[in-house]
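None of the figures in this text is laboratory data; all of them are computed from the coordinates on show. All figures in this text were calculated on a predicted structure; none of them were measured in a lab. A quick note on method: Cβ atoms are made from the backbone with ideal geometry, for glycine too, and the neighbour counts reach across all protein chains shown.
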Amino acid sequence: DNGVGRTPPMGWNSWNTFFCNINESLIRGMADAMVSSGMRDAGYQYVVVDDCWMNPNRDASGNLQGDPSRFPSGMKALGDYIHARGLKFGIYQVPLDRTCAQYSGSYPGATGALGHEAQDARQFAAWGVDYLKYDWCSPTGTISEQVATFAKMRDALAATGRPILYSINPNSFHAKTGPQRDWGDVANIWRTTEDITLAWDTGQSNGYPMGVKNIVDVTVPLAGYARPGAFNDPDMMEVGRGTLTDTEQRSHFALWAMMAAPLIAGNDLRSMSAATQTILKNPRLIAINQDTLGRQGVQVAGDANQRVLAKRLANGDVAVALFNQSASTRTISTTAAAIGKTGASSYSLVDAWTGATTTTSGTISASVPSHGTIVYRVSGGTTGDPTTPPSSSLVSAASGRCLDVPNSTTANGTQPVIWDCNGAAN
Ligand code: GLA
């Protein structure tokens, strides 16, 4: 509750395309491209400089400095350049001794914030930093030690008086603690998985590296944690970087929008195809993502082949996503009632991709290509909270009730029900 990140942050980050190969002219070029491409006007704000920006040595007073050959004008000047274009400045640091690139030996130094938390926070504020990505990068530390360590920087940032969006990753080189708790007491956004890569499905459940589909599998059950100021972060986007089909890239963006995920582009903004721009600047999906209610889409139905996600919106509309994760085209159907819409004889559906409007008396259905996602914004009637029905494996076949004991068809069971049966979010 530091006042920032009331809706998921939108921006660009250097890592997915450039990894360690960054310098000030690249970042400036990207800020310029954010403006000239219309990305800024579409809502993208933060220009985030990831790992490998730092001088491997702190100065004589222990202050962080930009690497003198990569950022000869200094980090304050870079922040000024970004701000002058109506954008915000993001930077990367770690809580222990070494950044991930330093830990893996691909960048020199050990410039982590350990023992320098307040000093680094003050330095970032003085440079005009608006967004800090703070990355664990170590196999050490229990989850409670991680909470305490991440909270140290939360408090140091607060003490600067500058509103700085706080983004954490507890998973790097570490057991995957991201999905194990609601980190909204510590940070504005928290990574749920290992790093994304340019792939649809790497077969990983939560290991390095993750495909788009694998990240969706981990992040969908965490919907209950999302709220204004606190969002699950399924990692930066791979849209516009090739390899994924156009359908998969659209799905990736639509699902991130529905999951109230940070929309942090990871492609080269200076050379975007028309197809990439159509995806990243889709105004209807951005509006769904940026909705002020801050809800993450809840899975109202799903199996190995398909998922139906419903995201309640501030004006009473509900966005519904029909996601086909199978290998062939499928017709995916749900109902207005299943997504929380009742009380009207007709509902209107706006297709988020085409903008076309149709009406329905209740059935919401589409033929969806393999790996595709169709999204409708549904209005009409009254709105309730969409919920996830109990997973069928936990429902008593005899009574239809969840964990019902002794499994009678007529009487309630005798055991206290201690689960709501929705799976991981328990
Ligand atoms: C970790 C993070 C990535 C990136 C790199 C930088 O792997 O998860 O997003 O920041 O570190 O080294």
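For the chain, adding -39500 (n - 2.57) for each run of n ≥ 4 DSSP H residues and dividing by the number of residues yields -6500 deg cm²/dmol at 222 nm. Straight-distance candidates among the lysines for linking to Lys152, with alpha-carbon spacing under 28 Å and chain neighbours fewer than 8 residues away dropped: Lys76, Lys88, Lys133, Lys176. Once the Cα atoms of helix 117-127 and of the chain are each reduced to a long axis, what angle between those two axes, in degrees from 0 to 90 to the nearest 10, is obtained? Helix 117-127 and the main axis of the chain meet at about 80 degrees. The alpha carbon convex hull volume per residue for region 10-289 rounds to 117 Å³. Computed from the alpha carbon atoms alone, the convex hull of region 297-343 holds 63 Å³ per residue. Distant-in-sequence amide contacts of Met210, defined by a placed amide H-H separation under 5 Å and a gap of 5 or more residues or a different chain, comprise Asp195, Ile196, Thr197. What lysines could a cross-link reach from Lys311, if we take a straight Cα to Cα line under 24 Å and drop same-chain neighbours fewer than 8 places away? Straight-distance partners of Lys311: Lys213, Lys281, Lys341.
Ordering Ser361, Ser379 from the fewest to the most neighbouring beta carbons within 10 Å gives Ser361, Ser379.
Exposure proxy for Thr149, Thr329: other Cβ atoms within 10 Å of each Cβ, ordered fewest to most, give Thr329, Thr149.
Under the combined filter of DSSP loop state and at most 16 neighbouring Cβ atoms within 10 Å, region 1-110 retains these chymotrypsin sites (Phe, Trp or Tyr not before Pro): Phe19.
Working note: Cα atoms of region 228-287, range along each principal axis, descending, whole Å: 33, 20, 20. Each part reduced to its alpha carbon centroid, region 55-103 and region 282-339 end up 39 Å apart. Pairs of Cα atoms nearer than 8 Å and 6+ residues apart set the relative contact order; for region 154-277 it is 19 percent. Our estimate of slack between Ala159 and Thr245, defined as 0.36 nm per intervening residue step minus the Cα-Cα distance, is 26.4 nm.
Between Ala113, Ala187, Ala337, the Gaussian network model of the chain with springs among Cα atoms under 10 angstrom shows the greatest mean-square fluctuation at Ala337. With contacts taken as Cα pairs under 8 Å at a separation of at least 6 residues, region 63-142 carries a relative contact order of 38 percent. The alpha-carbon positions of region 79-119 define a convex hull whose volume is 97 Å³ per residue. Placing a pseudo-label 7 Å from each Cα along the Cα-to-Cβ vector at Asp385 and Ala304 gives an inter-label distance of 3.2 nm.
For region 298-383, the spread of Cα positions along the three principal axes, ordered from largest to smallest, is 36, 24, 21 Å. Between the helical axis of 143-160 and the longest alpha-carbon principal axis of the chain there is an angle of about 60 degrees. Both the radius of gyration and Dmax for region 175-223 are 10.8, 32 Å, in that order, over alpha-carbon atoms. For the chain, the relative contact order comes to 12 percent (Cα pairs under 8 Å, sequence separation of at least 6). Region 1-43 and region 153-189 have Cα centres lying 20 Å from one another.
Over all other residues within a Cβ to Cβ distance under 10 Å of Pro386, the charged ones net out to +3, with Lys and Arg as +1 and Asp and Glu as -1.
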